[in-house]
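Please read the structure below before turning to the comments.
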Amino acid sequence: MGTMYLGNLGIGKNPIPIPHSPFPTPHSPHRMREKIDALTQNLALSIVGKSEAIRLVLVALLGGGHALLEDVPGVGKTLLAKSLARSVDGKFQRLQCTPDLLPTDITGTNIWNPKSGEFTFLPGPVFANVLLTDEINRATPRTQSALLEVMEEHQVTVDGVSRAVPQPFFVIATQNPIEYQGTFPLPEAQMDRFMLSLSLGYPSEAEELQMLQNLQNGVKFVDLQPCITLAEVQELRYLCSQVKVATSLQQYILELVRATRHDEEIALGVSPRGTLALQRAAKALAFLLGRDYAIPDDVKFLVPHVLCHRLIPRGGRNARTVVERLLRSVSIP
């Protein structure tokens, strides 16, 4: 098949090639552009004024990762997850984490069927396309660990039998960074499973006014319509994987990550999984911005979101402050 192109996405100047697409009937470049625009606009209807947060969530989705939303209650975290699921026409499941939640409440369990005389598997909420894990740090470490396998390998193993979850599979987890009573901090292995972390923050006065006006005008989440299929999400993920990263930019990524492992203000640096996540995120961001190649600015923008939640600073230092210092100290290619 000849090379097709996803034309100018509005910012980049180079077309995005689709070499040897594994999809039997890839969509036209113009149609794929329309799908990305529609997805962004759909999310913007429900999450007013948070274009950067929407872009970061799409980076995680199209980069094949997961997103951690660290914010106070009531700023739209749940609405964002539900809007994304509705927009991609995917199955949405919400998992409200509490201390009494069991691992089988997440993965599913085998139930004895007296009529058939055998066990029947009852799937848990992870068998979804978009899984909202609300207040993940309220679940016990034993329950949190039930997400480790499925977030990395997209499968769950119950009683020795592995079952694949639907594709695409995307986890949005939330936690309140202010309230610590009755919570269990996520272990490093769990934090490492998230491609990036972000915060919605409080809306501006104009944005909050727009929210009131939308409510007055009857604009509701239930009015959102699917604008992209799950198969098209998979195709967009493939396109993101084809974005080029120059060797010099890969070296820049390596230097940034390795700097976290030798800095005196950091007790635990970023793992190789974080290195790979930063490159995948840079590819997805470049794709969303209309380029078939990543640039240093993509990496610089993403570094705080991809690296901060993966490292442990010493002496109660702020992780973002430490990472921003490292960004200034590493030479840009």
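Here's the yes/no breakdown for (1) surrounded by 24 or more Cβ atoms within 10 Å (Cβ to Cβ); (2) free of Cβ contacts under 8 Å to residues at least 40 places away in the same chain; (3) among the hydrophobic types (A, V, I, L, M, F, W, C):
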position	(1), (2), (3)
Leu254	no, yes, yes
Ile266	no, no, yes
Gly274	no, no, no
Ala277	yes, no, yes
Ala284	yes, no, yes
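Among the candidates Leu45, Leu101, Leu79, which residue alone is in contact (Cβ under 8 Å) with a residue 24 or more places away in the chain and crowded, with 17+ Cβ neighbours inside 10 Å?
Step by step, each of Leu45, Leu101, Leu79 is checked, and only Leu101 is in contact (Cβ under 8 Å) with a residue 24 or more places away in the chain and crowded, with 17+ Cβ neighbours inside 10 Å.
Looking only at the stretch 175-188, count how many residues are surrounded by 14 or more Cβ atoms within 10 Å (Cβ to Cβ) and touching a strand residue (DSSP E or B) at 6+ places or on another chain (Cβ under 6 Å).
1
On the basis of being buried (at least 18 other Cβ atoms within 10 Å of the Cβ) and either in a strand (DSSP E or B) or at pLDDT below 95 (or both), does Arg317 make the cut?
When the stated conditions are applied, Arg317 does not pass them.
In the stretch 122-174, how many are in a strand (DSSP E or B), surrounded by 19 or more Cβ atoms within 10 Å (Cβ to Cβ) and of a type in the set (Gly, Ala, Ser)?
1
Checking the structure you have, find out if any residue of the stretch 286-299 is in a helix (DSSP H, G or I), aromatic (Phe, Trp, Tyr) and out of contact with any strand residue (DSSP E or B) (no Cβ under 7 Å at 6 or more places or on another chain).
Looking for residues that are in a helix (DSSP H, G or I), aromatic (Phe, Trp, Tyr) and out of contact with any strand residue (DSSP E or B) (no Cβ under 7 Å at 6 or more places or on another chain), one finds none in the stretch 286-299, hence no.
Are there any pairs, at least 6 apart or on different chains, whose C-beta atoms fall under 7 Å, with the first in the stretch 162-180 and closer than 17 Å to Arg193 by Cβ and the second at pLDDT below 90 and of a type in the set (A, V, I, L, M), and if so, which?
Cβ pairs passing all conditions: Ile172/Ala81.
All but one of (1) assigned to a helix (DSSP H, G or I); (2) outside the structural domain of Gln190 (by TED's automatic domain parsing) hold for Gln234, so report the exception by its number.
It fails just one condition, (2).
Based on what the data block shows, is Pro304 in contact with a Phe, Trp or Tyr (Cβ under 8 Å, 6 or more places away or on another chain) and either more than 21 Å from Met191 (Cα to Cα) or assigned to a helix (DSSP H, G or I) (or both)?
Spelling it out, it is not the case that Pro304 is in contact with a Phe, Trp or Tyr (Cβ under 8 Å, 6 or more places away or on another chain) and either more than 21 Å from Met191 (Cα to Cα) or assigned to a helix (DSSP H, G or I) (or both).
Can you find even one residue in the stretch 305-314 that is surrounded by fewer than 24 Cβ atoms within 10 Å (Cβ to Cβ), in the same structural domain as Leu249 (by TED's automatic domain parsing) and either touching a Cys at 6+ places or on another chain (Cβ under 7 Å) or closer than 17 Å to Tyr252 by Cβ (or both)?
No, the stretch 305-314 contains no residue that is surrounded by fewer than 24 Cβ atoms within 10 Å (Cβ to Cβ), in the same structural domain as Leu249 (by TED's automatic domain parsing) and either touching a Cys at 6+ places or on another chain (Cβ under 7 Å) or closer than 17 Å to Tyr252 by Cβ (or both).
Need a quick list: strands (runs of 3 or more DSSP E) entirely within the stretch 1-94 having at least 1 residues that are at pLDDT 60 or above.
Ranges flagged: 67-70.
Just one of the numbered conditions (1) more than 25 Å from Pro177 (Cβ to Cβ); (2) not in a strand (DSSP E or B) is not true of Phe119; which one?
The number of the failed condition is (2).
For Glu118, which of the numbered conditions (1) of a type in the set (D, E, K, R); (2) within 20 Å of Met195 (Cα to Cα); (3) surrounded by fewer than 19 Cβ atoms within 10 Å (Cβ to Cβ) fails to hold?
Just one mismatch for Glu118, condition (2).
If we scan the stretch 297-317, do we find a residue that is more than 21 Å from Arg261 (Cα to Cα) and not basic (Lys, Arg)?
Within the stretch 297-317, one or more residues are more than 21 Å from Arg261 (Cα to Cα) and not basic (Lys, Arg).
Do you know which residues across the stretch 200-252 are surrounded by fewer than 12 Cβ atoms within 10 Å (Cβ to Cβ) and in contact with a Gly (Cβ under 8 Å, 6 or more places away or on another chain)?
Selection gives Ser204, Ala206.
The values are calculated or read from the model by the stated rules, or taken from the named source; none is laboratory data. This is a predicted model, so every value here is computed, not measured. Glycine gets a Cβ as well: all are built from the backbone with ideal geometry, and neighbour counts include every protein chain shown.
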